[in-house]
Amino acid sequence: MTGDDRTAALKARVCDAIDDRADEIIAFAKDVQAEPELGYKEVKTTEKVVSLFEDLDLDVETELAITGARARAGSGDFVAAVLGELDALVNPDHPMADPETGAVHACGHNAQLAHLVGTAVGLVGSGVVDDLDGAVEFVAVPAEEYLDLDYRRDLLEAGDIEFFGGKQELIRRGYVDDWDAAAMMHAGSDTPERTITSDFSTNGFVGKFVTYRGTEAHAGAAPEEGVNALNAAMLGMNAVHAQRERFRDEDHVRVHPIITRGGDGVNVVPAEVTMESYVRAASVEAVSEANESVNRALASGAMGVGGDVEIEDYPGYMPLRTDETMVAFYDENARDIVGPDAVTAGTPHLSGSTDMGDITQLVPGIHPWTGGFEGAVHARDFRVVDEEMAYVIPAKLTACTLVDLLTSPEAMAEVRAAKAEKRSREEYLGAVRSLRKTTTESYRD
C-alpha cells in the first residue's frame with residue numbers, strides 16, 4: 001500500500017466512525033444549545049464534553065481556566081490541538097435565549113463543540129489516532145465571547161484570571177507550549193449552503209472601559225452649578241468619529257462604543273457616565289496607533305466640559321492569520337467530502353475578532369467558516385438549517401486534515417518551520433500585557 005493509499009484508508013475509517021455516531025453528535029450539539037452558559041461559567045457545558053471524552057476512554061483534565069477540559073490521544077513529539085469554545089453570548093431577543101440570563105448559542109459554539117467531540121470520535125473511536133505520527137489534544141476552551149465584563153473584572157481582581165479571553169488564559173498557564181498546530185471551526189454568517197471559507201485573517205482589538213465624572217446639580221433649577229458627564233461622553237464619541245478619516249483602509253480599523261450608564265435621573269445633571277468600546281485593527285501596531293488616537297479623542301470630551309475621565313484599556317484579542325499548509329489540506333478534504341465547489345474565497349480579511357488569533361500568534365492554525373447556518377452570527381435570526389453540515393461534516397474535515405498532516409513528515413516540518421517564525425509565550429505575553437493601561441485626565445476645578 002502506498003503512502004497515499006494508507007492515508008486515504010485512514011481517512012475512510014475516520015469518516016465511518018463519525019457517521020456511525022452522527023446522531024449522537026447532533027444530539028450533543030442540541031443539548032449544549034438548550035443550556036447556554038456565559039464565559040467562565042460553563043460548568044454544565046464542560047460536564048457534557050467531559051462525558052463524551054470519557055466515553056472514548058480518554059483521561060480528562062478539567063478546570064483549565066475556571067472551566068474547560070482537555071484530553072490527549074496518540075503519541076509522538078508533534079502535537080496537534082483541536083479546539084471548541086464552551087461559552088454562549090447574550091441576545092435576549094433570540095427565540096432560544098435563556099429567559100434569565102439572555103444567553104444563547106447564536107455564536108454557533110455548540111457547533112464548535114460538536115466539531116470537537118466529533119473529531120475525537122473520528123480519530124479516537126476509530127483507533128486511527130494510534131496510526132498517526134503524532135498526538136492530538138482535544139480542548140474545550142472557556143470564555144471566547146468578550147462580554148459579561150464586570151464579572152470577569154471581579155475574577156481578575158480576585159487573581160483567578162489575568163485575561164478576559166479563555167485562550168489567552170490557556171497560553172498564560174502553559175497549556176499551548178507543546179502544541180505544533182491548532183484547528184477549530186466557526187459557524188458561517190448567512191451561509192445556509194454547504195460552503196467553506198478557510199483562508200483569511202481577522203482583526204485584533206483592545207477592550208475599553210471609560211468613565212466620565214462631573215458634578216451633579218438640579219437639571220432644571222441650577223444646571224449651571226453642575227458639570228455634565230453625559231455631555232463629556234457625547235463630545236468624546238463625536239471626537240472619536242472625527243478620527244475615522246485618518247484610519248487607513250488597509251488597517252481595517254473599527255471603533256464601536258456604547259454607553260452603559262447615562263445618568264441616574266432625568267432631573268439631575270449626570271455626574272458619572274460609563275462606556276465600553278473596542279478598538280479593532282488588522283495588526284497589533286495598527287491597534288496601538290488607533291487606540292492612542294481614540295484615547296486622545298475621548299479625553300477631549302472631559303476637557304470640553306471641565307470634567308474628569310478614566311480610560312481603562314484591557315487586552316482584547318490578537319489578529320488571526322491561517323496557516324497555508326493546513327489550509328491546503330483542509331480545502332482538499334472539503335472538495336472531496338463536501339463537493340468540488342465547496343471552498344469559496346470568501347472575505348480575505350474579516351474585521352471581527354477571535355481569541356483563536358492569540359493561538360495563531362504562537363502556533364500555526366486554521367479557523368474555517370463553515371455553512372449550514374441561516375441568519376447573521378450573533379443576531380436573533382441565527383439558526384441551524386443543515387444539521388449534518390453544521391455539526392457532523394466539520395468534524396470529518398478537521399479529522400481528515402489532521403490525518404493528512406500527521407502522516408506527512410514533510411508537512412509536519414513545514415508547520416514546525418512556520419511555528420519557529422511565531423512569537424514565544426514570553427514574547428506574546430509581553431505584547432498583550434503592553435495593551436493594559438489606565439489613563440486619567442482631570443479638568444475639574
Report yes if some residue within region 374-388 is assigned to a helix (DSSP H, G or I) and open to solvent by 50 Å² or more (accessible area, probe 1.4 Å); otherwise report no. yes
With the structure loaded, tell me whether residue 358 is assigned to a loop (DSSP other than H, G, I, E, B) and either out of contact with any His (no Cβ under 9 Å at 6 or more places or on another chain) or open to solvent by 10 Å² or more (accessible area, probe 1.4 Å) (or both) or whether it fails that test. no
Do any residues in region 183-208 that are under 17 Å from residue 110 (Cβ atoms) have Cβ atoms under 7 Å from those of residues that are small (Gly, Ala, Ser) and open to solvent by 10 Å² or more (accessible area, probe 1.4 Å), where the two are at least six apart or on different chains, and which pairs are they? 189/376
Can you confirm whether region 235-249 contains a residue that is out of contact with any strand residue (DSSP E or B) (no Cβ under 6 Å at 6 or more places or on another chain), acidic (Asp, Glu) and within 26 Å of residue 296 (Cα to Cα)? yes
For region 247-336, which fully contained strands (runs of 3 or more DSSP E) count at least 3 residues that are crowded, with 17+ Cβ neighbours inside 10 Å? 272-281, 308-315
Taking only region 196-215 into account, find how many residues are more than 30 Å from residue 269 (Cβ to Cβ), open to solvent by 20 Å² or more (accessible area, probe 1.4 Å) and not polar (S, T, N, Q). 1
Which of the residues spanning region 1-14 are part of a helix (DSSP H, G or I) and either touching a residue at least 60 places away in the same chain (Cβ under 8 Å) or among the polar types (S, T, N, Q) (or both)? 3, 6, 7, 10, 11, 13, 14
Pairs only if they're at least six apart or on different chains, beta carbon under 9 angstrom, first in region 405-421 and open to solvent by 60 Å² or more (accessible area, probe 1.4 Å), second β-branched (Val, Ile, Thr); list them, first residue then second. 414/325
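Here's the yes/no breakdown for (1) in contact (Cβ under 8 Å) with a residue 12 or more places away in the chain; (2) out of contact with any Cys (no Cβ under 6 Å at 6 or more places or on another chain); (3) of a type in the set (Lys, Arg); (4) more than 30 Å from residue 412 (Cβ to Cβ):
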| position | (1), (2), (3), (4) |
| --- | --- |
| 299 | yes, yes, no, yes |
| 306 | yes, yes, no, yes |
| 311 | yes, yes, no, yes |
| 321 | yes, yes, yes, no |
| 335 | no, yes, yes, no |
| 343 | yes, yes, no, no |
| 348 | yes, yes, no, no |
| 379 | yes, yes, no, yes |
Tell me which strands (runs of 3 or more DSSP E) are completely within region 15-109 and hold 3 or more residues being surrounded by 19 or more Cβ atoms within 10 Å (Cβ to Cβ), modelled with pLDDT of 95 or more and not β-branched (Val, Ile, Thr), or say none if there are none. 67-74, 79-85
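The values are calculated or read from the model by the stated rules, or taken from the named source; none is laboratory data. Note that the structure is a prediction, hence the values are computed from the model and not measured. Neighbour counts run over all protein chains shown; Cβ positions are idealised from the backbone, glycine included. Side chains included, ligands, DNA and RNA excluded: accessible areas come from the protein's heavy atoms. Shrake-Rupley method; radii C 1.70, N 1.55, O 1.52, S 1.80 Å.
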